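Data block below; observations after.
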Amino acid sequence: MDMKKFTEQLECTGIVPVIKLENTDDAVNLAKALYDGGIRCAEVTFRAEGADKVIAQMVKAYPDMLVGAGTVLTVDQCDRAIEAGAKFCVAPGLNPKVVKHCLDKGVPFVPGVANGSQIEQAMELGLDFVKFFPAEQAGGLAYIKAISAPYSSMRFMPTGGVNEQNLNTYLSFKKVVCCGGSWIVPDKLVKAGKWDEITSLCRSAVTKMLDFSLAHIGLNCQSEDEAKAASGAFSNIFGWEQKIGNSSVFSGSAIECMKAPGRGEKGHIAVAANSVRRAVYQLECMGFESDMSSAKYDADGRMTAIYLKNEIGGFAIHLVERK
C-alpha cells in the first residue's frame, strides 16, 4: 500500500484504536466489535505477546480492515508483523534502521516524534506522516500547530492522552490526519469479553467525531418571486433577516428558498459535519451511498459538500462541511 492511499484511509477513519490483546483467542471478537462500531482500523501493539497472531486472525476475518502493528521496535518485529499481514507499522520513537527496513518492504511506517529534530529525521527518510507521541504530555495541539509551521508538508497522528472529549480538538487541525488511542478498547472490557460495550464505545466515538447537526432546510420554489415571498413570510413571522442570493433566498440561516426547483422532490435538508469526507466514508460503511458527481471541493482539494443518493420524505440530503 502506498503512503498516499494509506493516509487517505486513515483520514477517513479518523480514529486508530491502539490494542494490547493478551489473549489471542479474542482477536476476531475484538475485530468484529470495532468493525460493527464503525472503526475499520486497528493498531495491534507488540507490547503483548502474540501480536502477530492477533494481526493474522484479524486480517483473515476482515480483509478490508486496515490492521497494523504498533510498538514495532526491531527489524524482527517488523518482519513478523508484515508476515502476519500488517498493512502498516507504528512505533513510539524513530529508529531509522527499522523505518527503512519496513519501507523497503513496501509497508508504510509511522514513527513517533516529539520535536523538530525527529521530524527532520523522518523527512530525511522520505516520510510526510508521523505519530506525535505522547500527544497531551508533549504539548497537545498547541505544540503541533507551533512545530508544524516550519514543516509545511508534514502531517500528524496524535497519540497519548487523546480521548472522546478532546478528539475533535485535534481533528479540527488540517495537518492532523487521525488520532490514536485506547479509550474505545479499555482493557477491562476486553478481558471481560464485553464486545457489545466496545462496539457502543466505537459508535459513540464516531458519532462524536462526525458531530452531525441540522444546517438548514431548502424549499423548492417555482420562481424567484415565489422564493422571495416564502422567505419573506418566515422573516416576517420570526424576525429573521432575508438574504437574497444568486440561486436562492435565505431567511436567517435556517431556511433556504430556491428560486427554481433543485434537488429533491420538495427540496433539500443540509446536514453539517466536521468532515464531509469522513461522513461519506462512515455512511457508506452503514450502507448509505453518496452521489460523487455532486461533490464540491475547496482550493486544497478537501471535500466540502455532497448529496446522498437517496431522498428522505421527498427531501434530498446535503452534507456540508462545518465552518
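The values are calculated or read from the model by the stated rules, or taken from the named source; none is laboratory data. What you see is a predicted model; the values in this text were computed from it and never measured. No Cβ is skipped: glycine too gets one built from the backbone with ideal geometry, and neighbour counts run over all protein chains shown.
Looking only at segment 273-291, decide whether some residue is farther than 20 Å from V206 by Cβ, small (G, A, S) and not in a helix (DSSP H, G or I).
Keep residues of segment 273-291 that are farther than 20 Å from V206 by Cβ, which gives 291.
This time we only want the ones that are small (G, A, S), so: none.
No: segment 273-291 contains no residue that is farther than 20 Å from V206 by Cβ, small (G, A, S) and not in a helix (DSSP H, G or I).
Would you confirm, using the coordinates I've provided, whether K53 is charged (D, E, K, R) and not in a helix (DSSP H, G or I)?
No: the conditions fail for K53.
Residues of segment 181-208 that are surrounded by 14 or more Cβ atoms within 10 Å (Cβ to Cβ), over 16 Å from A31 (Cβ atoms) and among the charged types (D, E, K, R): K208 alone. Examine segment 198-206 for a residue that is free of Cβ contacts under 8 Å to residues at least 60 places away in the same chain and of a type outside the set (G, A, S), and state whether such a residue exists. No: zero hits.
Scanning segment 27-82 for residues being over 21 Å from C102 (Cβ atoms), out of contact with any strand residue (DSSP E or B) (no Cβ under 9 Å at 6 or more places or on another chain) and among the β-branched types (V, I, T) gives a total of 1.
Looking only at residues that are of a type in the set (V, I, T) and either part of a helix (DSSP H, G or I) or out of contact with any Asp or Glu (no Cβ under 9 Å at 6 or more places or on another chain) (or both) in segment 10-37, which one is nearest to F132 (Cα to Cα)?
Kept after step one, since they are of a type in the set (V, I, T), are these residues of segment 10-37: 13, 15-16, 18-19, 24, 28.
Checking the rest, the ones that are also either part of a helix (DSSP H, G or I) or out of contact with any Asp or Glu (no Cβ under 9 Å at 6 or more places or on another chain) (or both) come to 13, 15, 24, 28.
Values: T13: 18, I15: 14, T24: 28, V28: 29 Å.
Checking each candidate, the answer is I15.
Selection of segment 99-119 for residues being in contact (Cβ under 8 Å) with a residue 12 or more places away in the chain and over 26 Å from A27 (Cα atoms) yields V99, K100, H101, L103, V113, A114, N115, G116, Q118, I119. A Cβ distance below 7 Å, combined with a sequence gap of six or more or placement on separate chains, defines the contacts here; from segment 60-79, residues that are closer than 13 Å to G180 by Cα reach residues that are assigned to a strand (DSSP E or B) and acidic (D, E) in the pairs G68/E43; G70/E43. Scanning segment 141-192 for residues that are in contact (Cβ under 8 Å) with a residue 12 or more places away in the chain, farther than 17 Å from A205 by Cβ, in contact with a strand residue (DSSP E or B) (Cβ under 9 Å, 6 or more places away or on another chain) and among the aromatic types (F, W, Y) returns F156, F173. Which is farther than 30 Å from W183 by Cα, crowded, with 16+ Cβ neighbours inside 10 Å, among the acidic types (D, E) and assigned by TED's automatic domain parsing to the domain that holds L308, of E265, E224, E241? Residue meeting the stated conditions: E224.
In segment 65-87, the residue that is farthest from F132 (Cα to Cα) out of those that are charged (D, E, K, R) and either outside any loop (DSSP other than H, G, I, E, B) or at pLDDT below 95 (or both) is E83.
Here A48 meets the list (1) hydrophobic (A, V, I, L, M, F, W, C); (2) under 21 Å from C178 (Cβ atoms); (3) not in a helix (DSSP H, G or I) almost entirely, failing just condition (2). Every test in (1) under 26 Å from N168 (Cβ atoms); (2) surrounded by 13 or more Cβ atoms within 10 Å (Cβ to Cβ); (3) not basic (K, R) is passed by D300 save one, and that test is (2).
Does L34 count as over 16 Å from M286 (Cβ atoms), aliphatic (A, V, I, L, M) and either in contact (Cβ under 8 Å) with a residue 40 or more places away in the chain or assigned by TED's automatic domain parsing to the domain that holds V276 (or both)? For L34, the condition - over 16 Å from M286 (Cβ atoms), aliphatic (A, V, I, L, M) and either in contact (Cβ under 8 Å) with a residue 40 or more places away in the chain or assigned by TED's automatic domain parsing to the domain that holds V276 (or both) - is not met.
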